[in-house]
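The values are calculated or read from the model by the stated rules, or taken from the named source; none is laboratory data. Please read these numbers as outputs of a predicted model, since none were measured by experiment. So basically every Cβ, Gly included, is an ideal-geometry build from the backbone, and we count neighbours across all protein chains shown. All accessible areas refer to the heavy atoms of the entire protein, side chains included, with ligands and DNA or RNA removed. Shrake-Rupley method; radii C 1.70, N 1.55, O 1.52, S 1.80 Å.
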Amino acid sequence: QVQLVESGGGLVQAGGSLRLSCTASRTIYSINRMGWYRQFLGKQRELVATITTRGSTNYAESVKGRFTISRDNVTSTFYLRMNSLKPEDTAVYYCNVVQGAFPEYNYWGQGTQVTVSS
């Protein structure tokens, strides 16, 4: 059973930066895309950023230009670099890996808290 583990969350002042990391306990084959999602208190999980195996990226409009998703194929780790953080970025951030197709299977981390103070 593959598990994803996030790290790098914490408390930061507005305008600051954090880098989140996600590592799989085992190699995941046939990956379609990797990504980050976040869940605001009392809200449903929403997309932050995704990256395909070819390196194509997609970002939520609210984070575009501030956040960067990247991956390291050697260490099987992917990242979310967050710059110019705002209080409204405060949420639990989850990493995600989509494997295969027809059907796809989603792996999720347990989440890491990001809190941005004003």
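Label-to-label distance, Gln113 versus Lys86, with points set 7 angstrom from Cα along the beta-carbon direction: 2.3 nm. Over the chain, accessible surface divided per residue gives 58 Å², non-protein components excluded, 1.4 Å probe. For a bin width of 5 Å, list the pair-distance distribution of the chain built from all Cα-Cα distances, rounded to whole %. All Cα pairs considered, the percentages come to 2, 12, 23, 26, 19, 11, 5, 2, 0.
When the alpha-carbon atoms of region 18-65 are used, the pair Rg, Dmax equals 12.5, 34 angstrom. About the centre of its Cα atoms, the chain shows a dipole size close to 140 debye [charges on the beta carbon of Lys, Arg (+1) and Asp, Glu (-1) only; nearest 20 debye].
Other residues within the sphere of radius under 15 Å centred on the Cβ of Ser62, judged by their own Cβ, net out at +2 (K and R +1, D and E -1).
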